[in-house]
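What follows is calculated from the coordinates using simple rules that are stated; it is not laboratory data. All values reported here derive from a predicted model rather than from experimental measurement. Here Cβ is always computed from backbone atoms with ideal geometry, including for glycine, and neighbour counts include all displayed protein chains.
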Amino acid sequence: MTSPLSSSISDAVKPGNASTAGVPTPSGPNAPNGQYFQQLDLCAPSPYPRSWYVRKALWAVVQTLLFRPSPRRLMGFRIWLVNRFGGRVDRTCVLRPSCKITHPWLLTMGPYATLAENVTVYNLGPISIGPHTVISQNVHLCNGTHDYRDRSLPLVCPTMTIGGGVWVCADAFVGPGVTIGDNTIVAARAVVTKDAPSNSILGGNPARVLRERPAPTK
């Protein structure tokens, strides 16, 4: 797998196969060796399957007019909306109205999992959240990036897996393709860019294991 950097240059699923034939390499006085390492005119202009555009447009309307204005306690209604668009969210989950889901059909949540206030689920690739896991307020799950080693910055859409019994604390960032093991805590404002083991407490930027999470006594 490539080693991409997180970004939001394009919101896509598959990179195009744009030809570089006849296209001059961009250059400039401040570019290394007179050349820029990325060429944005090579990015795919319409990279989604055609059917996705209709679904994305409908979801944007539903999320704006029905999901986000819905009463806080009306969790079942929001779950129903997400699942109507192909999500696999258990009926016992909690979805706060201010959370933002990019592609509901790429979201799986186990029993009693929670997306708190202002959580961003940027799931260009599939995201799976295990049972009894809490994603706290203002967390950013960023599951989409670009391969910076290719001049056209093709999109990379890996799978993010967050285990069961996990607590991702406020304002944390979880990067593309990360797997977080069961019963792990991600401290507030931590930046997780690599896989995290089970039963651990992570913190920092970049996040590292601070200590083992003790088993509950009650």
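Take LEU74, project a point 7 Å from its Cα along the Cβ direction, then tell me which residues of segment 86-126 have their backbone nitrogen under 12 Å from it.
Residues 97 fall inside that zone.
Given ILE201, SER128, VAL174, which one lies farthest toward the positive end of the charge dipole of segment 106-218, if we put +1 on the Cβ of every Lys and Arg and -1 on the Cβ of every Asp and Glu?
Farthest towards the positive pole: ILE201.
Report P(r) for segment 48-210: all Cα-Cα distances, bin width 5 Å, range 0 to the bin holding the largest distance, values in whole percent.
Over segment 48-210, the share of Cα pairs per 5 Å bin runs 2, 10, 18, 23, 19, 14, 9, 4, 1, 0 percent.
Assigning unit charges at the beta carbon (Lys, Arg +1; Asp, Glu -1) and nothing else, what dipole magnitude in debye, to the nearest 20, does segment 48-210 show about its Cα centre?
Using Cβ point charges on Lys, Arg, Asp and Glu, segment 48-210 gives about 540 debye.
With label points built 7 Å along Cα→Cβ from the Cα atoms of ALA215 and TRP52, find their separation and express it in nm.
Taking the two extended label points, one gets 4.5 nm.
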